[in-house]
Each structure stands twice: as structure tokens, then as C-alpha cells.
1. (i) 28.1, 84; (ii) 23.9, 80; (iii) 27.7, 120: which one is Rg and Dmax of the Cα atoms in Å as calculated from this entry?
2. So which residue, out of 339, 229, 127, gets the largest mean-square fluctuation from a GNM of the chain using Cα contacts under 10 Å as springs?
3. Fewest first, what order do 30, 101 take by the number of other Cβ atoms within 10 Å?
4. At a threshold of 8 angstrom on Cα-Cα distance, excluding pairs fewer than six apart, so keeping six or more, what relative contact order does the chain reach in percent?
5. Could you calculate the FRET efficiency of residue 330 with residue 270 from 1/(1 + (r/R0)^6), where r is the beta carbon distance between them and R0 is 30 Å, rounded to 0.05?
6. Place a label point 7 angstrom from the Cα of residue 112 along the Cα-to-Cβ direction, then list the residues of the stretch 65-104 whose backbone nitrogen is under 18 Å away.
7. Kindly work out what percent of the DSSP beta bridges joining two residues of the chain are antiparallel, to the nearest 5.
8. Nearest 5 percent is fine: what portion of the DSSP beta bridges confined to the stretch 239-360 is antiparallel?
């Protein structure tokens, strides 16, 4: 089954990354709109649900957990100790306790999800995080955390975000009271966590985003002829369904491409030839968005420098005359009843009259 709340949260996370990048480079991510503000509010409910409802950890075990001091430590203690955060956290503090629990959860998640971590598959499930280790399992857990810390790809991104977050708490640049009462804006968060670092690339921006303990609220401003038209900031959910689909589609593709390009480990496949396949991408798009789709897609690839690191083959299955009007006929394969049709009987749609193209599409 698909967890729609989780999917929506992931989509907004990807969109926020792309919109921050566009604003930092004085680019429009979407025509006529500019990013007003990104605001984060604390929520650990999804993390607790994973422990309690998915992995059957008792509620009181989740809330009362803190690293032990026994000679042979439990898995959670080994994980937190190897990340170097045990002495930096106050486990009676709501947010700092959640930060520790997230690191434990994410470490197990990585160990059980990715083929290049298959040597750690037998470490067990998250529900066993309070079990005591022996010398062999302690060594296995230490090696796992060390491998995650060395991994600079998208796989360990959420761990790195959390470690930056914890470091800012330890240095008193963030505090629980203000995060719980007011939340925090992206700019304030970056000022506290990145601490004078210049964030230029998409990878650098993602590195210092808040960890997965926050809900993201994005608001926009609408402009016409360089004049702001709205009095109040416009929440993302107030946009039309077509506008939202436009934003979600591009941000999702950009996010996943950049994740693949982030892989540098010589032991993993580094994808540098990519196939992008869009099936009836025009669905939910206003005709104007359909008309601009090809140009915008190519523009994002170039503006984000993705074409400097990879080659792309783009396949689009479509009936839309607006999309076809941007594609030379030599790049179009016509199909009738699932079979290749004779292209000579079709009018060349490139820069052609939309009505003529619609008639034959």
C-alpha cells in the first residue's frame, strides 16, 4: 500500500530543495511565482509511528529510551556512540530525544534497504535496538555506522542532516523552546546550522536542510510584469491542481537525478546515462504548461548543470499538440493500435498550428 501522507511529505521536501536552489540563483522555478518563505514546524509523530506501529516497539520503550552505561551496550547505544552524539544530547528534551531515536531508526533503515549494505542485513530489525550486543554484533554495528559516515551520497543524506542539527543544539545555536513554539524559517535555520557556509549547489543546500522531524510549509508570491500581485503569501495548497502538478513533476525528477549523480563510491554503479520516461505527462497540465514543458525540462537540466555530468534520453508518450509542437518530426514515433504508423501522412507538428496538430493527434 502507498502511504499518501509520506509521499506528499517527500514531494514537498523535494520541491522545497528545488525552490531554494532557484531563489539562491535568482531563477524562477515557476513562471510568475517566486518563493516567499519556507517555514518548518516540529512534528515527530511519523517517527514514533514507525517505532510503535510498524516495528512493534512499546510506547514506553520509545519515550523512555536513553543510552545505557553497561559494559556490553545495546544496539542503540553503540549507534549513538559511534556517531559521537551521546554526550551532546539531553535525552529528557523532547526534540533532542527524537533526534537520537531518528539516528537509530535511520541506521537500521539503511542497513536493511540498500544492496551495497548487504553485509549488515543480518543486524536485525529496529524493534531489537534495545537488545544487548555481543562482541561480534557490536563490531558489526560499529562498522555499519562508520560506513554510513563515509558515504557522501543521498543514502546517508538524512543522517548527515541530523548530525548537523545535533551539533547546532550542542553549540546552543538552536533551542527546543523556540522550535516548539514558533518553528523556524529556512533562512534562520541555515544561519544557525550552516553557520556562515556559502551554499551554492543543490547538494550543499540539501546537506543543511532540517532533518525529518519537521513539517514543511511553503508560501509563494505571484508577480505580473515584475509587480507583486498578492497581499498575503500564497500557500502551495492554494495553487491550482495543474500548477501543483507542474511543481511536483519537475521537483521530483530533479531530486532523483541529482541523487543518482551524487553517487561517487567506486564500488557502486555511477549512473551517467539516464532515460527519462514520461507517460501522458500532459494530464492535469493547463495548455500553457504543456506548451512550456519541453523548454522547461531542458532548461532545468542545463541550469542545474546536470548535462555536464550525464547524458539524457527523454521519451514522452503524449497526445498533446502543445507538447508535440516543440518536437521536430524526425524525433517523433507515431503509433496506431500499438504499431508504428507511416509518419509521411502526418503534418510536421514542430512550430505548427495547434489546431492542425490536435486534429491528427
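1. Computed from the coordinates, Rg and Dmax of the Cα atoms in Å corresponds to (ii).
2. 339
3. Least to most surrounded, the residues fall as 30, 101.
4. Reported as a whole number, the value is 19 percent.
5. Efficiency for this residue pair is about 0.45.
6. In the stretch 65-104, the label zone of residue 112 (backbone N under 18 Å from the point 7 Å along Cα→Cβ) covers 75-80, 101-104.
7. Rounded to the nearest five, the antiparallel share is 75 percent.
8. Around 20 percent antiparallel, to the nearest 5.
Values in this text are rule-based calculations from the coordinates and carry no lab data. Given the structure is predicted, the values throughout are model-derived calculations rather than measurements. Quick reminder, even Gly has a Cβ in these numbers, built from the backbone with ideal geometry, and neighbours come from all protein chains shown.
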